[in-house]
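I have placed the structure first, in the form of structure tokens, so that the comments after it can refer back to it.
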Amino acid sequence: MQAALRQRLGRVRWALRVSEAAPRPRCVGPGSPAALRCWSCGSPLPGAEGLPRFCPGCRALQPPAPRPDLFRLMDCDRSFRIDAQQLQRRFRSLQRAVHPDRFGRRPPKEQYYSEQHSSLINKAYQTLLNPLSRGLYLLELSGVEPAQETDCDADSVFLTEIMEINEKLAEPKNEDILEEIETLIKVKQEELTKEVTAAFERDDLQEAKKLLAKMKYFANLEDKLKNKKIPS
Amino acid sequence: MAALRAAGAALLRPGRGEAVARLGYHKKVVDHYENPRNVGSLDRNAKNVGTGLVGAPACGDVMKLQVEVDENGRIVDARFKTFGCGSAIASSSLATEWVKGKTVDEALKIKNTDIAKELCLPPVKLHCSMLAEDAIKAALADYKLKQDPNKEESEKKANNA
């Protein structure tokens with residue numbers, strides 16, 4: 001999960017550099033990269049960079065852009081506040097268009113592109129749906145590195161709380177206690193999500209970074225709780 | 001039994017999909033993980049016990065390390081409790097072994113690179129040894145603060161000011 005996220009964020013950094021360098025022209029003049037022509041029939045490709053697109057000439061699905069902006073891909077404003085229903089609608093409509101099931105009879109190259117698109121859309125959906133990954137992604141887009149350094153006594157009350165929940169989770173399984181912890185984690189995550197929303201809205205990225213680090217501890221506890229609840 | 005082993009193996013795997021999972025842990029890490037030294041707690045309120053509580057915001061791991069110091073300034077006991085991956089557990093287990101018998105000042109010289117080297121941690125797991133070093137430092141700082149109430153007072157004043 002972390003590795004995947006890091007990888008994702010790495011890609012994001014790249015996307016940022018590209019998009020900030022210069023807005024992409026809509027019409028492409030001579031001497032433009034060859035990537036802007038259809039791989040199948042060679043027709044020039046109009047339309048939005050970074051979104052799944054089909055050749056206007058032969059209808060072949062084009063390869064995904066290497067590092068697209070996930071907010072743009074999912075048709076969301078670049079903001080921490082998102083409309084989950086709209087995100088889900090967009091996710092479904094994109095998957096309907098590019099899902100590999102639709103490309104069973106197409107050339108292998110196009111099947112491969114559809115797999116790439118489909119997996120990218122899954123990742124984009126998950127990244128934007130989950131408040132923690134969405135927040136970290138926004139930080140990355142703003143050039144803010146996520147918290148790396150050790151958290152020390154500065155916030156020992158918080159760390160003690162996390163330690164105590166971990167200790168409770170490590171005890172022999174007790175349904176009542178697990179339920180209690182589950183509720184607690186949910187409440188904390190909701191509170192933090194609200195605070196992160198406010199921090200992003202007043203453009204306080206350092207505060208957002210601090211709050212997201214706290215969310216990470218609770219996300220970690222949530223994973224442990226889930227593992228514990230699954231009967232082995 | 002087989003199920004138990006499988007569960008153990010799953011626990012040993014750090015963040016799913018990390019490079020370490022493919023490479024596997026070094027046998028020293030596995031040894032500390034399976035037979036952790038000095039797990040537990042000391043009396044947090046005792047004057048000669050220093051407690052360090054640290055966390056890694058990147059992965060959500062938490063580590064508590066405690067030292068008990070005798071009147072000559074020598075660490076006579078150490079305990080840890082870590083909720084994290086195998087490397088974090090091994091790093092803190094090793095840290096408690098290393099600080100025992102050392103003076104406070106000697107223990108302050110333990111570097112995360114020494115821990116990482118001893119456990120043969122791969123680069124992606126270096127931060128786990130860093131966490132252990134920070135936990136030692138935090139525990140010793142807490143001990144020192146307890147020994148010097150004047151300093152504590154002045155710091156409290158400074159914080160309140």
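Taken together, the values in this text are just the output of simple stated rules run on the coordinates, not laboratory data. Computed from a predicted structure; not experimentally measured. Cβ placement follows ideal geometry from the backbone for every residue including glycine, while neighbour counts extend to all protein chains displayed.
The table for this structure:
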item: Fraction of alpha-carbon pairs over 26 Å apart in the stretch A:35-158 - percent; result: 34 percent
item: Sites A:Asn174 and B:Ala46 - FRET efficiency at Förster radius 30 Å, r taken between beta-carbons, to 0.05; result: 0.45
item: Approximate shape of the stretch A:91-232 as ellipsoid semi-axes (Cα gyration tensor, √5λ), whole Å, largest first; result: 35, 23, 12
item: Sites B:Asn35 and A:Phe158, calculated FRET efficiency, Cβ-Cβ separation with R0 30 Å, nearest 0.05; result: 0.45
item: Additional length obtainable on full extension of the chain from A:Val187 to A:Lys229, 0.36 nm per residue less Cα span; result: 13.3 nm
item: Cβ crowding within 10 Å averaged over residues, with A:163-176, B:110-123 ranked highest first; result: B:110-123, A:163-176
item: Sequence ranges A:103-115, B:75-87, A:66-78, ranked by mean other-Cβ count within 10 angstrom, highest first; result: B:75-87, A:66-78, A:103-115
item: Label-point gap, in nm, between A:Ala97 and A:Asp203 - each point 7 angstrom along Cα→Cβ; result: 3.2 nm
item: Centre separation in Å (Cα based) which lies between the stretch A:178-232 and the stretch A:59-110; result: 28 Å
item: Whole-percent pair-distance distribution, where bins are 5 Å wide, for the alpha carbons of the stretch A:150-211; result: 4, 15, 18, 20, 18, 12, 8, 3, 1
